[in-house]
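Single-structure report; data block below.
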């Protein structure tokens, strides 16, 4: 029986590359986006590549909607083997005291509560079928402080905490829960920060010992590894894919 993965926020950047990575490993790929048109377009792109897939529109801040999406994935493919909590936002690249409360609330709702909802309902289904693997998108900002990103750092530190705590909860129940911490990756989120003038691409690349930004495929390959059977003794940890940033 083919394995099934659910990936949130998967029509751009890391999420899109992750869908292809799992598709190349012959998974059924269930993916979500808030943008229906973009989701339907990507579904066709995956199908053209021979990837069995299902697109479901989803706002991860809606708990009932997250529960429904997980249940639909299981109803269609029989079980859920892997969840990738990829959906996230980064707002307000400013000094902390200049940030808006609304930006922080929105990041908490998406980056923390969205991850919590996904884990909660995926775990309930995984427990029925013998287990599974969850990969949460953290960040180097989940282990470090970074200029102009105190609020974002707070949300990604919370993702790391959820990952560690839940991994302990389910360590003997066949469910492995890990996080991945990308460095600066060439995605729309980073581009938005560059467009505001907060950073330049050169300055971002310079913070990594490898002196370059990462690609979505760099992260997607790490996610696919964490969800695979190649690391059965690995849970509650963070895989850094960051060009050496965290080694400094």
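Based on the alpha-carbon gyration tensor of segment 25-67 and its eigenvalue square roots a ≥ b ≥ c, which shape applies: rounded if a/c is under 1.5, prolate if not and a/b is larger than b/c, or oblate? Oblate shape, in that a/c is at least 1.5 and b/c is the bigger or equal ratio. Relative to the current alpha-carbon distance between residue 25 and residue 98, full extension at 0.36 nm per residue lengthens the span by 21.8 nm.
When you restrict to C-alpha pairs under 8 Å that are six or more residues apart and normalise by the size of the chain, the relative contact order lands at 20 percent. Any chance you could check the Cα centroid distance between segment 171-192 and segment 67-123 for me, in angstrom? Using only Cα atoms, the two centres lie 12 Å from each other. Evaluated at q = 0.19, 0.22 Å⁻¹, a Debye calculation over the C-alpha positions of segment 145-201 (equal weights, vacuum) places log10 I(q)/I(0) at -0.77, -0.90. Is the shape of segment 58-97 rounded, prolate or oblate, going by the alpha carbon gyration tensor and its root eigenvalues a ≥ b ≥ c, with a/c under 1.5 for rounded and a/b larger than b/c for prolate? The shape class here is prolate. In the chain, the longest principal axis of the Cα atoms and the axis of helix 150-169 are about 30 degrees apart. Each stretch of four or more DSSP H residues adds -39500 (n - 2.57); spread over every residue of the chain, this sum gives -13500 deg cm²/dmol at 222 nm. In terms of its C-alpha gyration tensor, segment 32-191 has an oblate overall shape, because the principal axis ratio a/c (a ≥ b ≥ c, square roots of the eigenvalues) is not below 1.5 and a/b does not outweigh b/c. Once R0 is set to 35 Å, what does the formula 1/(1 + (r/R0)^6) return for the Cβ-Cβ distance between residue 211 and residue 57, expressed as a FRET efficiency to the nearest 0.05? After rounding, the FRET efficiency stands at 0.35. Can you give the percent of C-alpha pairs in segment 97-248 whose distance is more than 28 Å? Taking all Cα-Cα pairs of segment 97-248, the fraction more than 28 Å apart is 23 percent.
A short reminder: the numbers here are calculations on the coordinates, not readings from a lab. As the structure is a computational prediction, the values presented were derived from the model and not from experiment. No Cβ is skipped: glycine too gets one built from the backbone with ideal geometry, and neighbour counts run over all protein chains shown.
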